[in-house]
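Structure first, then comments.
No value in this document is a laboratory result; all are computed from the given coordinates. Keep in mind the model is a prediction, meaning the values are calculated, not measured. Reconstructed Cβ throughout: ideal geometry from the backbone, glycine too, with neighbour counts over all protein chains shown.
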């Protein structure tokens with residue numbers, strides 16, 4: 001069996017740990033992301049929907065795919081058990097990804113699975129009520145020879161991966177901002193974590209221009 005891929009959680013955060021409500025240096029954020037040379041960008045459906053609010057849903061006509069031999073760009077993989085993401089043409093027109101996969105569960109509506117099939121989007125079904133992330137990562141690794149996954153998502157997917165003990169590294173780009181307020185949007189949803197704190201080992205701390213700090217931590221496995 002192929003070894004489970006390395007999973008990196010990577011988020012831009014304010015000094016008080018928020019992932020929204022402050023200006024993010026996207027240029028620096030994505031420039032640093034290149035260090036992992038990811039095979040997959042793993043994103044939650046909420047993150048996709050929030051970033052495409054002005055994009056209308058697409059029909060189920062097949063997408064034109066122009067695959068190029070030797071394309072080194074990562075694949076976009078979206079966790080979407082409820083079958084809400086319907087902007088695949090738009091996503092694959094972006095220059096970041098070479099292909100896309102939708103992760104579903106047995107509870108995903110059959111009409112959405114048919115939609116994905118008509119669109120030509122690969123679909124992996126694993127889990128009963130929601131996506132079984134551990135099983136899915138193994139399928140991705142076995143089928144696509146995946147070595148590295150970078151998670152570019154919010155607290156819900158991050159915490160689910162942490163709870164399943166699937167994360168190898170946590171990386172944060174700290175911005176010099178204090179957001180405050182009651183919004184609980186942080187890099188993890190603490191209510192979904194285990195009772196005991198997850199221990200980390202620092203592996204990098206770098207001060208960057210503009211008051212940014214790049215912090216990398218290795219997960220100390222149980």
* **Pairwise label distance in nanometres, residue 134 with residue 68, each label 7 Å out on the Cα-Cβ vector** => 4.0 nm
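What are the semi-axes of the equivalent ellipsoid for the range 103-151, taken as the square roots of 5 times the Cα gyration tensor eigenvalues, largest first, in whole Å?
Working: eigenvalues 84, 39, 13 Å².
Three semi-axes, in Å: 20, 14, 8.
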* Asked: If the chain between residue 61 and residue 185 were fully stretched, how many nm would it gain, using 0.36 nm times the residue separation less the Cα-Cα distance?
  -> 41.0 nm
* Asked: Sorted from largest down, what three extents in whole angstroms do the Cα atoms of the chain have along their principal axes?
  -> 47, 39, 37
* Asked: For the range 50-145, max minus min Cα coordinate along each principal axis, in Å, sorted largest first?
  -> 33, 32, 24
* Asked: Which angle between 0 and 90 degrees, to the nearest 10, do you get for helix 110-119 versus the longest principal axis of the chain when only C-alpha atoms count?
  -> 80 degrees
* Exposure proxy order (Cβ contacts within 10 Å, fewest to most) of 55, 198 -> 55, 198
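Hey, with R₀ at 25 Å, roughly what FRET efficiency would residue 199 and residue 147 work out to, going by the Cβ-Cβ distance, to 0.05?
On the way: r = 25 Å, r/R0 = 0.99.
Once rounded, the FRET efficiency stands at 0.50.
Once you keep just the Cα pairs under 8 angstrom separated by 6 or more residues, what percentage relative contact order results for the chain?
With pairs under 8 Å counted, the relative contact order is 30 percent.
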* For the range 48-89, just list the percent of Cα-Cα distances falling in each 10 Å bin from zero outward, please. => 21, 47, 30, 3
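Please work out the FRET efficiency for the pair residue 209 and residue 37, using the Cβ-Cβ distance as r and a Förster radius of 25 Å; give the result to the nearest 0.05.
Numbers: r = 23 Å, r/R0 = 0.94.
Once the sixth-power term is evaluated, E becomes 0.60.
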* Structure fact -> The helix 133-144 Cα axis meets the longest alpha-carbon principal axis of the chain at an angle in degrees, between 0 and 90 and rounded to 10, of 60 degrees
